[in-house]
Structure formats: C-alpha cells, structure tokens
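Peer 1: Let me begin by handing over the structure; questions about it come next.
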Amino acid sequence: MIGFGYLFSLLYVALVVGIAAVIYRFGVPKAYTRKFIHVFVAFEWVILYHFMGTSLHFFLVCVIFLLLLLLVYIKRLLPMMASDGENAPGTVYYAVAMSALSLLTYFVPEMVLPFGVGVFATSFGDGLAGTVGQLIRRGNPRIFGEKTLCGSLACFFITTLSSFVLFLIYGAPLGILHALAIGAFATGVELLTSRGLDNITVTFAAAALTFFLLKIPEAGNYLVPILATPFIVLLVLQRRALTTGGVVAALILDVAVSVSLGNFGFLTLLFFFAVALLADSIKKEKKAKVLAAREAKGTRRDAYQVLANAVLPVTAAVFYFVTGKPVFLLPFVAGMAEALADTAASAIGVLSSSAFDLFRFRKCERGISGGMSWLGTSAALVCAFALSFFTCLFGSVTPTAALLAACVAFLGSIFDSFLGSLFQVKYRCKVCRRLTEKTECHGMKTERVGGIPFFDNDLVNLFSSLFTVLLAVGGYFLFLK
C-alpha cells in the first residue's frame with residue numbers, strides 16, 4: 001500500500017503538470033495553467049490519505065514535492081506554473097503548508113480530515129477565487145487590495161461546498177452550518193492575506209477551524225462570530241473607521257466577548273458596531289468640518305478609544321463566563337448600551353443648530369465635550385433602549401433587566417456629559433478662537449481654558465463606563481436579586 005502511494009502520487013502530479021504543459025503550448029495563459037495545477041493538486045491529499053493514512057510517509061511525500069517546487073521556482077524550470085510579481089512563491093508556500101500539516105497529522109491523527117479541508121479550501125476556494133476574479137471584469141469591484149467581490153464570493157461558495165462534501169464522504173459529524181463557517185472564515189483570511197501567503201494562511205485557517213469544530217461540539221454557540229468577524233474586519237478596514245491599533249484592540253475584545261457569551265455576545269457587539277457606523281455616516285460631510293476643529297484624534301478611533309468605551313463591559317462578560325453569575329451580565333449590556341448612547345449622542349448631536357452645557361447652565365459650541373442638545377440626547381435615549389432590548393431576543397436578558405440596563409445606560413451618558421463639562425481639559429485656538437480638544441490648532445499651540453490637564457476624552461469615556469457598570473451592579477441587587 002505504501003509503495004502504491006508513492007507511485008500513484010507521483011504519477012498523478014506528473015499527469016496534472018503534463019496537462020498544464022500541453023494547454024500552455026496551445027496558448028492558454030500561464031495565469032490559468034498555474035491555477036489548473038493549483039486546483040487539481042488537491043486530489044493528491046485523497047491519494048496519499050487512501051494509501052498512506054496518517055503515517056510518516058505522507059509527510060515524506062509532501063517534503064519531496066516541496067523540494068521539487070522550490071527547485072522549479074529558483075531555476076524557473078516550468079513556465080506554465082510560474083507566477084510573476086509578489087505572488088511568485090505561492091506554490092512553494094502551499095507545499096510548506098501541506099508539509100507542516102502532514103507532520104502535525106502524524107502526531108495528531110485526528111487532524112487528518114481538517115488537513116484535507118484546509119487543502120481543498122486553498123486548492124479550490126483560493127485557487128478558483130483568483131480565476132473568477134480574472135475572468136469577470138465588469139460589475140466586479142475590488143473590495144480589498146487586488147481582491148474582487150466575485151472572486152471572494154467564489155472562494156466562499158466553493159470552500160463551503162468542498163468542506164461539506166468532505167464531511168459527507170468521510171462521515172464527519174459536521175453539517176452545512178459548519179461548512180458555511182469554514183467557508184466564511186477561509187474567505188476572510190484570503191481577503192486579508194497578500195503576497196502569496198494565502199496559500200499558507202487559508203490552509204491553516206480552514207484546518208484549524210475544522211479541528212476546533214470537531215473537538216468541541218458546543219462550538220455551534222460560536223458560529224456567528226466565526227462567520228461574521230472576517231467580514232466585519234474587512235468593512236472596518238475599508239471604511240477606515242479604526243486605526244491599526246484600534247482594529248487589534250477591537251479584535252481582542254471581540255474574541256473575549258465571543259468566547260464568553262457566544263453568539264449572543266457577538267451579536268450585541270455587532271448591533272453596537274452597525275448602529276454606531278450608521279450614526280457616523282449620517283451627513284458625514286456636514287459633520288466633518290465641525291468635528292475636525294474639535295476632536296483631538298480625528299474621526300478614526302484608536303486603541304485607547306476602543307478600550308475606554310468597551311473594556312469594562314467586556315471584562316464583565318468574561319467574569320460572567322468564569323463565574324456563571326448573572327450579576328455580571330447586566331453590566332455588560334448596560335456598558336455597551338452606554339457606549340452606543342454616547343457615540344450616537346456625539347454623532348447626531350453635532351447636527352443640532354445649538355448646544356447647551358447643562359452643568360454650567362449656559363450655551364456652548366456644537367461638538368464640544370459636555371454640550372448637550374435635544375437631538376443628541378434623544379439619540380442617546382433611543383440607542384440605549386434599542387441595544388438593551390435587542391439583547392432580549394436571545395433569551396439571555398429579561399425585559400425587566402433590559403429596561404434597567406437601558407435606564408442605567410442613559411444615566412451613564414448623562415454622566416459622560418457631566419465629566420466632559422466640568423473635568424475634561426479644553427483648549428482655545430489663538431487664531432480662530434474656538435474651543436477644542438487639540439493642543440495645537442492652525443499651526444500654533446492652543447491655550448488651556450479649563451479642565452484637568454490629563455483628563456482627556458478617553459478618560460471621560462472610561463470613567464463613564466465605570467460609573468455605568470457599577471450602577472448596573474447596584475441596580476441588579478436592588479431590583480433583580
């Protein structure tokens with residue numbers, strides 16, 4: 001059996017390369033002959049698994065092909081499988097991934113089916129994504145770098161289908177929902193990876209997720225974040241809503257909430273993100289001039305801003321996961337609702353014709369911290385109630401608890417205005433004479449006119465979140481215990 005494995009694997013690869021060479025001689029561009037090899041080499045896994053199982057011979061064959069591909073790449077021996085530019089070593093990377101996973105499978109035999117899923121995700125999903133992207137020119141916008149919409153959709157559907165077929169053939173206790181999760185995750189990884197490295201990242205990502213789903217049956221509680229996270233990251237990067245540090249911080253919080261609360265926690269974060277993004281996009285051009293003159297960090301949120309708004313409610317979610325005590329669930333909901341209320345109040349309130357500083361009993365400029373308006377306050381109230389009652393849909397939060405969370409969140413947004421009015425540092429531009437959070441405006445240093453020097457908007461948000469979380473805990477013992 002082992003000898004047949006070596007023989008048939010070598011003959012099969014020779015056949016695939018030979019067909020590619022023939023069609024290349026007939027004028028087929030090497031972009032397609034290379035993809036032909038890329039796609040059909042997936043069946044090499046089927047041959048090797050059938051004849052060699054999880055033995056070390058599987059690994060040895062992969063290493064042999066890795067060395068041959070490395071030689072081909074260095075010497076430029078086979079033009080029909082060569083690639084120009086930054087993706088040139090892609091086939092070598094693919095062989096590296098197969099070699100590594102075959103060695104891992106030798107030590108962990110349960111990894112063999114995830115290994116196959118990873119191979120087919122790269123060969124069929126990633127391979128055909130590039131082909132579809134090249135073939136469809138019209139109505140196929142680029143969505144990230146050189147990656148196109150139709151190519152990504154092809155990657156998603158083909159990876160999903162190939163994964164599901166492998167589950168059926170090899171009797172894996174996984175279904176179509178799991179295959180969809182693998183397809184979405186692999187597509188997101190493929191979108192975010194460049195320079196040919198997707199031949200490694202997609203293979204490992206699909207294999208790792210399949211292994212996770214096989215080993216942990218309860219993973220169904222986490223399929224929504226697995227499905228959606230890559231696309232949310234892509235949307236954030238495309239819209240430039242967060243800095244690089246902000247994206248990393250948001251991903252860490254996302255993982256913490258998703259692990260702690262599963263689909264319920266992730267969908268709560270998704271609701272927050274969607275509404276915040278919508279509020280920011282309303283009359284964005286009109287708001288840009290006002291906010292540019294006021295905000296110290298601009299419209300893109302960095303890691304400090306992300307953490308200041310969400311780290312405490314996320315910590316409450318983690319405590320709920322560790323202890324199982326419902327007292328920690330209410331602070332999570334209330335904290336996220338307060339963060340959304342504050343975001344909506346700032347994004348919508350700046351559209352008001354005037355603003356009022358309730359704690360200094362005087363009118364103030366639009367967009368300045370501590371200022372309130374009927375429009376912004378109404379937006380805060382609506383968003384606090386909307387997010388709180390959204391969590392009732394999953395059965396984890398009762399309507400009474402949602403009502404309490406909404407009230408606490410709205411009070412937290414008022415407390416945010418209180419801190420912004422009386423404690424947050426404010427400066428005045430020497431040129432335009434406007435109040436601002438910036439230490440420099442119009443090329444000159446601004447002069448401090450109020451507040452505590454180090455008490456910036458991030459600290460205001462952090463203390464408002466702390467106030468909300470503590471108030472929610474107190475409310476739980478007063479009204480729900």
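Peer 1: Let me confirm something: among ARG448, ARG433, which residue is without any contact (Cβ under 8 Å) to a residue 12 or more places away in the chain and farther than 13 Å from ASP342 by Cα?
Peer 2: ARG433
Peer 1: Still on this structure, please answer the following. Do we have any residue at all in region 207-224 that's open to solvent by 10 Å² or more (accessible area, probe 1.4 Å) and among the hydroxyl-bearing types (Ser, Thr, Tyr)?
Peer 2: Looking through region 207-224, at least one residue is open to solvent by 10 Å² or more (accessible area, probe 1.4 Å) and among the hydroxyl-bearing types (Ser, Thr, Tyr).
Peer 1: When only residues in region 25-43 that are closer than 15 Å to TYR94 by Cα and not in a helix (DSSP H, G or I) count, which is least open to solvent (accessible area, probe 1.4 Å)?
Peer 2: Checked region 25-43; the qualifying residue least open to solvent (accessible area, probe 1.4 Å) is ALA42.
Peer 1: Could you look through region 379-428, keep only residues that are more than 14 Å from ALA345 (Cβ to Cβ) and hydroxyl-bearing (Ser, Thr, Tyr), and pick out the one that is nearest to the chain's Cα centre (by Cα)?
Peer 2: Taking the candidates together, the pick is THR391.
Peer 1: I'm trying to understand the selection: among the residues of region 167-194, which are outside any helix (DSSP H, G or I) and either charged (D, E, K, R) or within 16 Å of THR210 (Cα to Cα) (or both)?
Peer 2: TYR170, GLY171, ALA172, PRO173, LEU174, GLY175
Peer 1: Does any residue of region 234-241 turn out to be farther than 23 Å from VAL117 by Cβ, open to solvent by 40 Å² or more (accessible area, probe 1.4 Å), touching a residue at least 12 places away in the same chain (Cβ under 8 Å) and not in a helix (DSSP H, G or I)?
Peer 2: Yes, some residue in region 234-241 is farther than 23 Å from VAL117 by Cβ, open to solvent by 40 Å² or more (accessible area, probe 1.4 Å), touching a residue at least 12 places away in the same chain (Cβ under 8 Å) and not in a helix (DSSP H, G or I).
Peer 1: So THR54 clears everything in (1) modelled with pLDDT of 85 or more; (2) open to solvent by 40 Å² or more (accessible area, probe 1.4 Å); (3) in a helix (DSSP H, G or I) except one condition, right? Which one?
Peer 2: (3) is the only condition that THR54 fails.
Peer 1: Scan GLY151, GLY171, GLY196 and give me the residue that is without any contact (Cβ under 8 Å) to a residue 24 or more places away in the chain and on the phi > 0 side of the Ramachandran plot.
Peer 2: GLY171
Peer 1: Against the definition (within 30 Å of PRO326 (Cβ to Cβ), open to solvent by 60 Å² or more (accessible area, probe 1.4 Å) and in contact with a Phe, Trp or Tyr (Cβ under 7 Å, 6 or more places away or on another chain)), how does PHE415 come out, yes or no?
Peer 2: no
Peer 1: Does PHE164 satisfy being open to solvent by 40 Å² or more (accessible area, probe 1.4 Å), over 20 Å from ALA219 (Cα atoms), part of a helix (DSSP H, G or I) and not charged (D, E, K, R)?
Peer 2: no
Peer 1: Looking at region 466-479, I want the residues that are touching a residue at least 12 places away in the same chain (Cβ under 8 Å) and closer than 14 Å to ALA310 by Cα and have a partner that is of a type in the set (A, V, I, L, M) and open to solvent by 30 Å² or more (accessible area, probe 1.4 Å) with Cβ atoms under 7 Å, at least 6 apart or on another chain. Which pairs are those?
Peer 2: Pairs found: LEU466/LEU312; VAL469/LEU312.
Peer 1: Which residue, of PRO230, PRO225, is over 27 Å from HIS50 (Cβ atoms), in contact with a Ser or Thr (Cβ under 8 Å, 6 or more places away or on another chain), modelled with pLDDT under 85 and assigned to a helix (DSSP H, G or I)? I'd like the intermediate steps shown before the answer.
Peer 2: Details: PRO225 fails: modelled with pLDDT under 85.
On inspection, the qualifying residue turns out to be PRO230.
Peer 1: Against the condition within 36 Å of the chain's Cα centre (by Cα) and not in a loop (DSSP other than H, G, I, E, B), how does PHE455 come out, does it pass?
Peer 2: Judged against the criteria, PHE455 is not a match.
Peer 1: When you scan region 441-472, how many residues do you find that are open to solvent by 40 Å² or more (accessible area, probe 1.4 Å) and touching a helix residue (DSSP H, G or I) at 6+ places or on another chain (Cβ under 7 Å)?
Peer 2: 5
Peer 1: Restricted to region 357-384, and to residues that are assigned to a strand (DSSP E or B) and surrounded by 17 or more Cβ atoms within 10 Å (Cβ to Cβ), which residue is modelled with the highest pLDDT?
Peer 2: The selected residue is MET372.
Peer 1: Take region 346-356 and flag every residue that is touching a strand residue (DSSP E or B) at 6+ places or on another chain (Cβ under 8 Å), of a type outside the set (Ser, Thr, Tyr) and open to solvent by 30 Å² or more (accessible area, probe 1.4 Å).
Peer 2: PHE356
This table checks each residue for (1) open to solvent by 30 Å² or more (accessible area, probe 1.4 Å); (2) modelled with pLDDT of 85 or more; (3) in a helix (DSSP H, G or I).
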position	(1), (2), (3)
TRP45	no, yes, yes
LEU60	yes, yes, yes
ILE64	yes, yes, yes
LEU77	yes, no, no
GLU86	yes, no, yes
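Peer 1: Filtering region 419-437 down to residues that are surrounded by 19 or more Cβ atoms within 10 Å (Cβ to Cβ) and outside any strand (DSSP E or B), which residue is modelled with the lowest pLDDT?
Peer 2: So the residue we want is GLU437.
Peer 1: Continuing with the same structure: Taking only region 126-153 into account, find how many residues are among the small types (Gly, Ala, Ser) and within 12 Å of LEU191 (Cα to Cα).
Peer 2: Here the count works out to 5.
Peer 1: Here's a follow-up. Quick one: count up the residues across region 309-331 that are within 23 Å of the chain's Cα centre (by Cα), buried (at least 22 other Cβ atoms within 10 Å of the Cβ) and over 11 Å from ALA409 (Cβ atoms).
Peer 2: 6
Peer 1: Among the candidates ARG142, ARG137, which residue alone is in contact with a Ser or Thr (Cβ under 6 Å, 6 or more places away or on another chain), modelled with pLDDT under 75 and not aliphatic (A, V, I, L, M)?
Peer 2: Values: ARG137 fails: in contact with a Ser or Thr (Cβ under 6 Å, 6 or more places away or on another chain).
Residue meeting the stated conditions: ARG142.
The values are calculated or read from the model by the stated rules, or taken from the named source; none is laboratory data. This is a predicted model, so every value here is computed, not measured. Using ideal geometry, Cβ is built from the backbone for each residue, glycine included, and neighbour counts are taken over all protein chains shown. Areas reflect the complete protein model, heavy atoms only, side chains present, ligands, DNA and RNA absent. Shrake-Rupley method; radii C 1.70, N 1.55, O 1.52, S 1.80 Å.
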